[in-house]
Amino acid sequence: EIKINAFMMMYQQQIKAILLPCYCVLILVLASSVHSFLPSVNLMRSSNTRSSTNVNSNSNSIIRLRAMEVSSSTVVTPAPQLLEFREPLTNVTVVLVGSMHYNPTSIRLASQTVQQLGQQNRLGSVLIESCDLRWNKTMDLYETKPYLKSILGNEMRAAQEQAFAFNLPVVLGDQRINITSAAMKESFKQTITDLVTPPSGWRRFKEEFDVAWEDAVPNGDSQYLSPLAFFDPRLLLALPVSLVKYPLSFLVRDPLPTSIVFAVLFGLSFVSTGGVSADDFTAVGSTPITTYTDIEVFGNLFFAVLETVVFARLLLKPLLADRNVILAENILQQCKIYETTNNANTKSTAATTFGGGVGGWFGFLTGDTGTKTTSPPARTGSRIPMDDIIYAPGSLLDNTQAGANGDGTEKVVVAVLGMAHLNGVMKLLKEQ
């Protein structure tokens, strides 16, 4: 009977190995039709504008005057993944679009945000969470395998296509992948060193972890993105698509490194569970029961804690905190292009968030809304050197210089980022 149970276990594993690829193919086929089930996202103008009765009857003048009347809340954000605020040094409105990578809901939100601001003649620059190395590699892959465009469509490419439709530039604002990879390797080595050298290593680990947590996951401000944004039903509805497409995108771009990472993760999981064999089962009726010794239980717990500690440090510092600095710097560079001294409507830097005020992660848990309002100083500086900015190939840079508030409308800088980056980037821009 034990042999029969072991055989059944192996048979179930083979069935899973066959069904999993079929499930992946099914998800990819359904991904293109998911959009039709999702509600549209509409960006609305603020009601805080003057009546058109006091404006010249000329229609062009009316449009221009209305576009110039921008309050501190120029866009009403109907989605929980949008943050809007004025960058205090340049007095430029910034819209951060939080995304769950490869999620159809995020793709639609990013596309419609850029499109509707472009139609309002409010769009300045669009920044995406990608670097030139990753972006160019992906574009080369699309050229050699065009069918991947529909399979691996994401929110960044959707935002880029909409920006190009309005002849506006797209900034590749993320840290280069080789720098991030080197930082992750260094952080991994440092983590292992700290763990095996108590108590000084443990103290150093805690100090760095606390600083990275404060920078990457700030709290106490009602303007921060709410944790509820991650549980938006529209995102959860399309979550299976993200779970398939995101790892698949890494596998397609870098097959060997991705396969090695998957193998390591599988190995750690196998070690932590102690493996499976026929001897691990005791037959009770027809139900196999797994039995563990105290040493195995302790070993499983140890590996679980070790994995959590190592990956938490990798996630917080090299993957979030360090990259947030680069993203914020590139957003600030774009704001300087469109900076203005007109602060008649800049009473505060209060951001607009869905649901009206949940103070970040711990603010959501503790009720600390921590309302803050500060008056942004006006500033007139020279244009930053264009050579310091990395644009996506095909961006029209002449339009950027010519459109820097030259048509009488205040421009908005849009950044399409992963939701985990939003609060940290916003904190850096507002408290620089």
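The values are calculated or read from the model by the stated rules, or taken from the named source; none is laboratory data. Owing to the predicted nature of the structure, the values given are computational and were not obtained by experimental measurement. Glycine also receives a Cβ, built like all others from the backbone with ideal geometry; neighbour counts cover every protein chain displayed. Side chains included, ligands, DNA and RNA excluded: accessible areas come from the protein's heavy atoms. Shrake-Rupley method; radii C 1.70, N 1.55, O 1.52, S 1.80 Å.
The value given for segment 135-185 is a Kirkwood hydrodynamic radius of 12.7 Å, derived from the mean inverse Cα-Cα separation. Under the convention that each Lys and Arg Cβ holds +1 and each Asp and Glu Cβ holds -1, the size of the dipole of segment 116-266 around its Cα centre is about 460 debye. Could you pull out the pairs from LYS185/LYS206; LYS137/LYS427; LYS317/LYS427; LYS317/LYS430; LYS137/LYS430 whose alpha carbons sit more than 25 Å apart here? In this structure, LYS137/LYS427; LYS137/LYS430 lie more than 25 Å apart at Cα. Heavy-atom accessible area for LEU301, with the other protein chains in place and a 1.4 Å probe, reaches approximately 110 Å². For LEU123, nonlocal amide neighbours, meaning residues 5 or more places apart or on other chains whose placed amide H falls under 5 Å from its own, are GLY118, VAL412. For segment 83-215, the antiparallel share of DSSP beta bridges with both residues in that region comes to about 60%. Computed extension length for ASP140-ARG204: 18.8 nm, one decimal, from 0.36 nm per residue of separation with the Cα-Cα distance subtracted.
Measuring only protein heavy atoms, the 1.4 Å probe finds ASP140 accessible over about 90 Å². Note on TRP213: accessible area approximately 90 square angstrom, rounded to 10, probe 1.4 Å, nucleic acids and ligands left out. Ordered from largest to smallest accessible area (heavy atoms of protein chains, 1.4 Å probe), the residues VAL261, VAL241 come out as VAL261, VAL241. For segment 152-221, a crude dipole built from +1 on the beta carbon of Lys and Arg and -1 on the beta carbon of Asp and Glu, taken about the Cα centre, is about 360 debye to the nearest 20. For segment 172-239, the equivalent ellipsoid built from the Cα gyration tensor has semi-axes of 31, 19, 13 Å, listed from largest to smallest.
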